[in-house]
Amino acid sequence: MTTTRFAPSPTGYIHVGNLRTALMNYLIARKAGGTFILRIDDTDPERSKEEYVDAIKQDLEWLGLHWDRVERQSDRLDRYAEAAGKLREIGRFYEAFETPTELDLKRKKQLNMGKPPVYDRAALNLSEAEKEALRAERGNGVWRFKLDHERIEWTDGILGDVSIDAASVSDPVLIRGDGQVLYTLASVVDDTEMGVTDVVRGADHVTNTATQIQIIKALGGTVPRFAHHSLLTGPQGEALSKRLGTLALRDLREQGVQPMALLSLMARLGSSDPVELRSDMAELIEGFDVTRFGSAPTKFDVQDLLPLTARYLQTLPLEKVADAVAAAGVPDELAEPFWMMARENITTLNDLKGWWELCRDGAEPLIDDEDHEFVAQAMELLPEGPFDGETWGKWTAAVKEATGRKGKGLFMPLRKALTGMERGPEMATFLPLLQVVRARK
């Protein structure tokens, strides 16, 4: 059975970069009728916070990305300790004691000599007495996985054939000096024991994948299928990492972005297929193919979400947005006609309040100097109301007959006088909702 996972760290809110990973793994699992695991990477007790665990779940639920089960790495520390013990037994795990300053000096020396800046494995030459002395002086060391210096190869679902020389990579640290298990080991143990068959993640993990393939094999596990998606940039190609704090999913939700608009964009962004607004999750699942994605950095512009949101809202009946319409203050008896008018003229549901205030209170008239006399005459001909669907047609016909104006010269000044805008809703549908005509005054 196909099994995928999304493994966020609860150290902050999910942003669009995280969502890309979550969505791809979700769609792969659902398309295959498999299992999607939400795995909370909370092995760092200082930075992990329960409020972020709750926020991650809320954001995924808002998007409709429902998981089959939740796993927490903090509940599995004994499994990681057991795996570490196995690596020690087979001679693939060793303790190293260099300080960050010493490692930095080694890297600089290697670079000056034209060599790759990888760890030199000096710790493998330490005697037990030397290790004891270093522990007494510095405390426990870090534990590194000893890589086999050979080429690590796999066929990536997005990048194609990948080959990395393990000799060009430092032996990865899997356990810190304070005993904290790092992602590289925890992820391998979890993926192996949870039967994860497919892993989609960012291209910045390619080197991690190479080392993890060796760790998986050392522990006797089955290597999953890997796919590494491109990293997102800003609309001008700039690094997005500095802006991710403003692109948290809860911020987008606050701005009024609709889930299907966001999912429709992220399910195609960076692929060879055009972005198409989808109406439901089933369409997204059916149309998803991870092999259609490319490796080049992918431009993301938050502004692209607004027209998609507007188009999505235009498809919705009142019952889907009834709470938002009521929250804007619209009376129940006007909810249906108000929504039918407003949905063609809003970008997000946050715009509803302004449209209802316009209907309720009337607009500040926008009247050009040359139109003052015309508008005043037209207002004399406007019936007292309440207005209905035929009021606009009958009124403009009467104004045309009385003034001789027609076409744009007739309709535009009246629109601007009643709405304060040059563009907007069909006046025949708007006028019955208008409670006050300020242009009469």
>> Taking 2.2 N^0.38 Å as the expected size of a compact globular protein, what ratio does the Cα radius of gyration of the range 164-303 give against it, to two decimals?
In response: 1.25
>> Please list, ordered by chain and number, the residues whose modelled amide H lies under 5 Å from the amide H of LYS299; skip anything fewer than 5 residues away on the same chain.
In response: THR233
>> Going by amide H atoms built from the backbone, whose H comes under 5 Å of the H on ASP156, apart from near neighbours?
In response: ASP161, VAL162
>> Working only with C-alpha atoms, what are the Rg and Dmax values of the range 279-341, expressed in angstrom?
In response: 17.3, 53
> For the range 291-441, what is the Kirkwood hydrodynamic radius in Å, using each pair of distinct C-alpha atoms?
Replying inline: 17.2
>> Using Stokes-Einstein with the Kirkwood hydrodynamic radius over Cα pairs, what translational diffusion coefficient do you get for the chain at 37 °C and a viscosity of 0.692 mPa s, in µm²/s rounded to a whole number?
In response: 125
> To the nearest 10 degrees, how steep is helix 372-381 against the longest Cα principal axis of the chain, on a 0 to 90 scale?
Replying inline: 70
> Of all DSSP beta bridges located in the chain, what percent are antiparallel, nearest 5?
Replying inline: 50
> HIS229's amide H: which non-local residues (gap 5+, or another chain) put their own amide H closer than 5 Å, with H modeled 1.01 Å from N in plane and none for Pro or chain starts?
Replying inline: ARG201, GLY202, ALA203
>> Below 10 angstrom from the Cβ of SER163, what's the summed charge of the other residues (Lys, Arg +1; Asp, Glu -1)?
In response: -2
> Do any of LYS320/LYS408; LYS49/LYS131; LYS57/LYS320; LYS31/LYS299 go past 29 Å between their Cα atoms, and which?
Replying inline: LYS320/LYS408; LYS49/LYS131
> Mind checking the angle between helix 50-63 and the chain's longest principal axis? C-alpha axes, 0 to 90 degrees, to the nearest 10.
Replying inline: 50
> Taking only C-alpha pairs under 8 Å that are 6+ residues apart, what is the relative contact order of the chain in percent?
Replying inline: 13
> At what distance in angstrom do the alpha carbon centres of the range 385-441 and the range 158-216 lie from each other?
Replying inline: 66
> Projected area of the range 359-404, taken from the Cα convex hull and averaged over every viewing direction, in nm²?
Replying inline: 3.8
> Relative to the first principal axis of the alpha-carbon coordinates of the chain, what is the inclination of helix 391-403, with its axis defined by its Cα atoms, in degrees from 0 to 90 and to the nearest 10?
Replying inline: 50
>> What is the distance in Å between the Cα centroid of the range 1-42 and that of the range 249-294?
In response: 15
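How long are the three semi-axes of the equivalent ellipsoid for the range 70-183, computed from the Cα gyration tensor as the root of 5 times each eigenvalue, in whole Å, largest first?
Square roots of five times the eigenvalues give 25, 23, 13 Å.
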>> Can you give me the % of accessible surface on the chain that is carbon or sulfur? Probe 1.4 Å, all protein chains present, nothing else counted.
In response: 49
> HN-Hα J couplings of the range 114-122 from phi, Karplus 6.51/-1.76/1.60, θ = phi - 60°, integer Hz, Gly and Pro as x?
Replying inline: x, 9, x, x, 10, 4, 8, 6, 4
>> Nearest 500 deg cm²/dmol is fine: what mean residue ellipticity at 222 nm does the chain get from its DSSP H runs of n ≥ 4 alone, each adding -39,500 (n - 2.57), divided by its residue count?
In response: -12500 deg cm²/dmol
>> Could you tell me what a quarter of the Cα convex hull surface of the range 361-441 works out to, in nm² with one decimal place?
In response: 4.7
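The values are calculated or read from the model by the stated rules, or taken from the named source; none is laboratory data. Please read these numbers as outputs of a predicted model, since none were measured by experiment. Using ideal geometry, Cβ is built from the backbone for each residue, glycine included, and neighbour counts are taken over all protein chains shown. Remember, those area values only see protein heavy atoms, side chains included, never the ligands or the DNA or RNA. Shrake-Rupley method; radii C 1.70, N 1.55, O 1.52, S 1.80 Å.
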